[in-house]
Amino acid sequence: MGNSNEPISLYSRSRIHDICEYAFRHQRTGEQLTYETLGKKIGRSARWVSDVINGRTTPMREDAEDFVQACGNHYAIRMLKHLYGDAPPPTDPRLMGSLTVSLNNLIKQCRDVIKEAEAVIEWERTRRPWQPLTQDDERILTHLGKQIEDLFQAGDDVHILMDERYGIDPVIHQHNWLAEARAMEIVVSDPRELMRRERQEALMMGGTSR
């Protein structure tokens, strides 16, 4: 199966100012930021903010992220993340009429993932490890991967609507998840610890550490 390190995005880098303009025109901060007040929040001048919005300046990624986050628009945040290949693009707002609709879609996607995951479990149970992957094998795995991406998209849609309808910032969910994951030692918080654990696993498997 081929791999690519190229980010997948519907948007070109030249459209960053469009995303920033959208974020500015549709702020969700509870206050109406001006060029000057937005500039102060992110350590930039009002002229710089104007230049970004009007396409005269193309901000670096970090500056663009500061810009859209200061505006509090999670559609724009999703668009910017997608531009850099870190998230799916936002769903068309016309398909997100209510939180109930999005939750029902999330439930459907969960069921679809479970169904495909069970199929892959059965496939792997009957497969001999030394057998090369066939086109049918790749099709089974890539279909599961596609269903997982659908689930990620559905989950992000629910996050956005909880924010739009009830003011529950998605960042809250990220903080809560991270705190629990660290407490349960699900994630590795130190790169050197990750290297230590991989060396330890290699020794246990009879390999050599590097």
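The values are calculated or read from the model by the stated rules, or taken from the named source; none is laboratory data. Predicted model only: the values in this text are computed from it and were never measured. Glycine gets a Cβ as well: all are built from the backbone with ideal geometry, and neighbour counts include every protein chain shown. What goes into the accessible areas is simple: the full protein's heavy atoms, side chains included, and nothing from ligands, DNA or RNA. Shrake-Rupley method; radii C 1.70, N 1.55, O 1.52, S 1.80 Å.
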>> Would you confirm, using the coordinates I've provided, whether S102 is open to solvent by less than 60 Å² (accessible area, probe 1.4 Å), in a helix (DSSP H, G or I), more than 29 Å from E149 (Cα to Cα) and hydroxyl-bearing (S, T, Y)?
In response: no
> So, of the residues in region 177-189 that are open to solvent by less than 100 Å² (accessible area, probe 1.4 Å) and of a type outside the set (S, T, Y), which turns out to be farthest from V158 (Cα to Cα)?
Replying inline: V188
>> Given the condition closer than 30 Å to D18 by Cβ and among the hydrophobic types (A, V, I, L, M, F, W, C), answer yes or no: does some residue in region 139-148 qualify?
In response: yes
> Filter region 98-146 for residues that are among the aliphatic types (A, V, I, L, M) and free of Cβ contacts under 8 Å to residues at least 12 places away in the same chain; which is farthest from D156 (Cα to Cα)?
Replying inline: I121
>> Condition first: over 19 Å from S14 (Cα atoms), open to solvent by less than 40 Å² (accessible area, probe 1.4 Å) and assigned to a helix (DSSP H, G or I). Now tell me which residues in region 47-80 satisfy that.
In response: A70, C71, H74
>> Return the residues of region 81-97 that are open to solvent by 40 Å² or more (accessible area, probe 1.4 Å) and under 13 Å from A154 (Cα atoms); say none if nothing qualifies.
In response: D92, P93, L95
> Looking at E36, is it more than 24 Å from P170 (Cβ to Cβ), charged (D, E, K, R) and either out of contact with any Leu (no Cβ under 9 Å at 6 or more places or on another chain) or surrounded by fewer than 12 Cβ atoms within 10 Å (Cβ to Cβ) (or both)?
Replying inline: yes
